[in-house]
Amino acid sequence: MRKSKQVWIFIYAALGVMFVYNLLPFFWMVISSFKTELEVISYPATLLPNEFTTGAYEKIWLQEGFLLYFKNSLIVSLSTAALSSLVGIFAGYGFSRFRFPGRLTLMTAFLATQMIPGVLLVGPYFKMLTIAGLYNTLFGLILAQTSITLPFSVWMMKGYMDTVPIEIDQAAEVDGASRLQTMFLCIVPLVLPGLVATTIFAFLLSWGDLLWALCLISEQSKQTITLGITQLVGQFRVQWSEIMAATVIASIIPATLYLILQRYLVQGFAEAAVKE
Amino acid sequence: MRDYYKGYLFILPAFLLLLIILGFPAVAAFLQSFNLMWVATPSFTLGSYKALASDPEFLTSLMNTVIFVTVVVSSHLVIGLGVALLLNMDLRFKWLWRVVAILPWTMPDVIGGLVWRFMFDTLPGIVNSVLLRTGISAEPIDWLGNPTLAFLSVMLAESWRGYAYPMLILLAGLQAIPRQQYEAAELDGCSAWQKFIYVTLPNLKHMIIIALVLDVIWESRLFGMVYSMTGGGPGYSTQILTLLSYKQYFQFFNVSYGASMAVVLATVLFFISLPYLRMSMRQQL
Amino acid sequence: MLDKLIRCAASTVATATVAGMLASAPVPAKAGDVTVTYADWQLAQDIWGRSLREAMAEFEKQNPGIKVTTDPTALSHRDVKFTTAIRGGAGPDVFALDVNPVKQYITNGWVKDLTPFIEAEGGEAFLKDFYPNTLQPVSEDGKFYGIPKNVVAMVLIYNEAMFRDAGIDKAPETWAEYREAAKKLTKATKSGGPVDQWGATLVLAKACFDLRFSVVLRGFGGDFLNADWDESRLGEPAAKEAFDFVTDMILEDKTMPPGIAQVDCNGARRLLANGKVAMIFGTMWTLPEVNGMNPDLKAWDVLKMAHVPQKTVDDKSIRSTLYQKTLFMNPNTKNPEAAWKLIKFLSEPKQMQRWFDDNNMLSARRSVNETYDPITSSPFAATVTKEIERAAFLPLIPKWPEMLEAFRQNLQSAVAKQKSPEEALADAHKQYQAILARP
């Protein structure tokens, strides 16, 4: 496909707009985090720091235990993403490839669980956790967050698997592969970008969760980073520079994760198209 | 296929997990809304639901939610589709664009709300700083103190944060479109626009519906962005239902009333998304 | 039936997750040790938190065998976390609350009846050192549910240096003077630049709205509810005067900073700390807080306190609002004896003295405020103590959190010009009547 020069100029201009729109909040966040306590609230705001300081980071990192929160968030989010993607692969395959009675109802029911706001669910779930002895454990939190991410994961996986032609399954069946083998060896590699997107989605959902992390964890040392930041906001004497420094820290992991995984998002599909 | 019953086995883990974790809480949510649980004197009553009908704050919040979800989801789909199309081209520094496109989505909504609130801050915010410094405005604009501006600001922020989700779904869909179809269209002398209308969109329809449904549900249950950006203010002009039911439940301790709002929201959402769900099921294969 | 259902679901979770449990099993405490959890939002703050942690260390030393873990849940998360946990059968053993949600906690059974403990300590004799009105929020039907720790009243805090620069020689005593002073103080500090200094600020955001607006309403002789807390007083002329006064200052005079709808108490202190405003409503804690934000201001020298302005100087009615921090025990606690020891320890005169030394806060005990030298010699303490006599609590009823928010939303709507001040106040009045009429 050849495009004229004007078209390319337009394309890159559009990308430029996206670039500015997407990065402006990050720019402001990073700039503010390096300002002094006084400068960060000066009016009108300076667009670059007059005086560059890393004081906010030192304070956040040393005093507020963010290293620990960071670790907790990583454990919870990775486990949630892994669990919900794994279970999601199975369910997605089941919904995509089998025509069993009650399929539509079940799929709808899965998604319907997400229509009830967490505000209502957190209390009863808390009660179950205390009885099961899982209150104040990261494991209890992982289960809770999986219940939120899972329906989305199932739907996404099903959607991606639907794009893979059924002939591939039939070919595998002719070759004598079992359903499980077909799923893992033929279908999953073809929907790898979808799987990556699903995993990232679950990870981010879990990383950003506030309500469940707030209610299900009682000890500060088991707190997650998103909760840690919102705790800062309600505090006396906490400055914007510190809050911004904390948000920078909290954004680094998801952003890096995406940086590493982004190239997988494009593989696989091309092959699927060719095989057709 | 003959072995359709095996499908049950595949969905069993997910089913059990959801049933065990959410089964009881979901039942409890309904019980709470009928004043049967976690109140001083449990007794069955429809009082909460009746009160909703004449509560102006509830009705405003419901309206706000509808507007918010409609605007945000449409902007997500439009921006998402646009960016997906761009990213699907043979670009230089493709990885850079792809990373930039998705960065906003990596920010948790509560934290995104905080950052945008600080950007729109009347005094030390960047938006007013730029407006004042360039002379576009002589007075600082009270972005989050004006009902209309505040609502627009919140929607802008959420459009920014969330479009990558539908975008990713659509991008995967774009990549699955066989190149041959475009080539055939080119042979027929189709323009770029015609190719978009006759090749891209029909192939993408299934993915668009999925993105639409998931995003509608996702945005309707959104809480953190608005909570940390405006807290529903000024007045209750940016208050959405999740925020109101949170307040009733945890701040005013009106368990039954807060629960009934959430149940209404869930029911409305369910019936709105049902036809799309069915459509999406019929679509494929 | 219900419980059985929960138990059934819960045991399924449990069996399905033995592995997970093993992985995250808690480290067992030393045999014989009792652990008590203490939750207090002030733990999350530098100086207050350090002061509290020092107190905990001292408590552990005095009481071998009792360990204290601290839970610094932020104010905005407090009720969400506590109520969920207490309903679910868990939660911190001892926790601190301000008075706004107290009646809800008592009616819902989320706090333990402390009467037996108090009786064991000598009943009347134990309580008599506490100011009588500090017991009002914690008692219900002759039972006591909490032990008061600190009590203060709101006062006007102003920057004397800024007053002098603007040619104002004394603190405003009436609202008219307050308004005039604000006008004189509002200006552009750089000639030709935008206005960047304002006379005063109020708090219109959710956090801390309660204590700050109420003094304006009360200073005008009005109030939210009547003395029995069962009738709205927002229909009275005094309420209208106060409401118009505030909206006029913001919208007509523009003597309060733009963006005031988002200003919370922390924001107000920050504006004061950086010389952007000259007057806020605050109390004892304002001084160390502001000093911490900007030491260059020399808050302890520059800031002064005055009583809440009134409509006329000879008015003798209530004009200020009381703030009280109270200690409560969780009904789910497994170690009520140890928890009581902690509550008793924290409310001892010696700990109250420490609280003044570290945080400039007055005690709920008469003996401490009247005999501890640093307090009796503090001019700030003198002003606030005097104001306590002219102050009252906000309504101590379960519906109060909802009524407070209804009022705030209407005031915000008026400031945002969404409603006229008349409409907004009338709406608040109507909502109050509706909420009060509800069973």
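Worth pointing out:
- Of the residues in the range B:205-227, at least one is under 20 Å from A:Asp209 (Cβ atoms), within 11 Å of chain C (Cβ to nearest Cβ) and either touching a Gly at 6+ places or on another chain (Cβ under 8 Å) or not small (Gly, Ala, Ser) (or both).
- Unmet criterion (only one of (1) at negative phi; (2) within 22 Å of the chain's Cα centre (by Cα)) for C:Gly91: (1)
- Residue, surrounded by the fewest Cβ atoms within 10 Å (Cβ to Cβ), within the range B:57-66, restricted to residues that are of a type outside the set (Asp, Glu) and touching a residue at least 12 places away in the same chain (Cβ under 8 Å): B:Thr60
- Where a residue in the range C:192-205 is touching a residue at least 60 places away in the same chain (Cβ under 8 Å) and not assigned by TED's automatic domain parsing to the domain that holds C:Gln409 and its partner, wherever it lies, is charged (D, E, K, R) and in a loop (DSSP other than H, G, I, E, B), with Cβ under 8 Å and at least six apart: none
- Subset of the range B:84-120 that is assigned to a helix (DSSP H, G or I) and more than 8 Å from chain A (Cβ to nearest Cβ) - its residue that is nearest to A:Val40 (Cα to Cα): B:Arg117
- Complete set of residues in the range C:145-184 that are assigned to a strand (DSSP E or B) and over 30 Å from C:Leu396 (Cβ atoms): C:Tyr158, C:Asn159
- Verdict on B:Phe34 being over 30 Å from B:Tyr163 (Cα atoms) and either crowded, with 16+ Cβ neighbours inside 10 Å or within 11 Å of chain A (Cβ to nearest Cβ) (or both): yes
- Qualifying residue in the range C:292-313 (condition: closer than 18 Å to C:Val215 by Cα, assigned to a loop (DSSP other than H, G, I, E, B) and polar (S, T, N, Q)): yes
- Residue count for the range A:35-52 satisfying the condition of being more than 8 Å from every other protein chain (Cβ to nearest Cβ) and either free of Cβ contacts under 8 Å to residues at least 24 places away in the same chain or charged (D, E, K, R) (or both): 7.
Let's see how each residue does on (1) crowded, with 20+ Cβ neighbours inside 10 Å; (2) touching a strand residue (DSSP E or B) at 6+ places or on another chain (Cβ under 7 Å):
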site: C:Gln353; (1), (2): no, no
site: C:Ser363; (1), (2): yes, yes
site: C:Glu370; (1), (2): no, no
site: C:Ala382; (1), (2): no, no
site: C:Leu394; (1), (2): yes, yes
site: C:Leu404; (1), (2): yes, no
site: C:Ala414; (1), (2): yes, no
site: C:Ser420; (1), (2): no, no
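- Selection status of A:Gly94, more than 7 Å from chain B (Cβ to nearest Cβ) and either of a type outside the set (S, T, N, Q) or more than 24 Å from the chain's Cα centre (by Cα) (or both): no
- From the list B:Tyr246, B:Tyr165, the lone residue that is in contact with a Phe, Trp or Tyr (Cβ under 7 Å, 6 or more places away or on another chain), closer than 19 Å to B:Thr65 by Cβ and free of Cβ contacts under 8 Å to residues at least 24 places away in the same chain is B:Tyr246.
Residues are listed down the side, and each one gets a yes or a no for (1) over 24 Å from C:Lys81 (Cβ atoms); (2) buried (at least 23 other Cβ atoms within 10 Å of the Cβ); (3) at the interface with chain B (Cβ under 7 Å from one of its Cβ atoms):
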position: A:Ala56; (1), (2), (3): yes, yes, no
position: A:Lys71; (1), (2), (3): no, no, no
position: A:Ile75; (1), (2), (3): no, no, no
position: A:Ala81; (1), (2), (3): yes, yes, no
position: A:Ser84; (1), (2), (3): yes, yes, no
position: A:Pro124; (1), (2), (3): no, yes, yes
position: A:Gly133; (1), (2), (3): no, no, no
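- Considering residues of the range C:48-84 that are assigned to a helix (DSSP H, G or I), at the interface with chain A (Cβ under 7 Å from one of its Cβ atoms) and touching a residue at least 12 places away in the same chain (Cβ under 8 Å) only, the residue nearest to C:Gln353 (Cα to Cα): C:Leu75
- Filter pass, C:Ile157 being among the β-branched types (Val, Ile, Thr) and at pLDDT 95 or above: yes
- Residues that are surrounded by 19 or more Cβ atoms within 10 Å (Cβ to Cβ) and part of a loop (DSSP other than H, G, I, E, B), drawn from the range C:109-129: C:Trp110, C:Val111, C:Lys112, C:Leu114
Conditions (1) polar (S, T, N, Q); (2) under 22 Å from the mean Cα position of the chain (by Cα), marked per residue:
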site	(1), (2)
C:Ala261	no, yes
C:Asn274	yes, no
C:Asn291	yes, yes
C:Lys298	no, no
C:Lys311	no, no
C:Thr321	yes, yes
C:Gln324	yes, yes
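The values are calculated or read from the model by the stated rules, or taken from the named source; none is laboratory data. Just so we're clear, the structure is a prediction, and the values are computed from it rather than from any experiment. Every residue, glycine among them, receives a Cβ derived from its backbone with ideal geometry; neighbour counts consider all protein chains shown.
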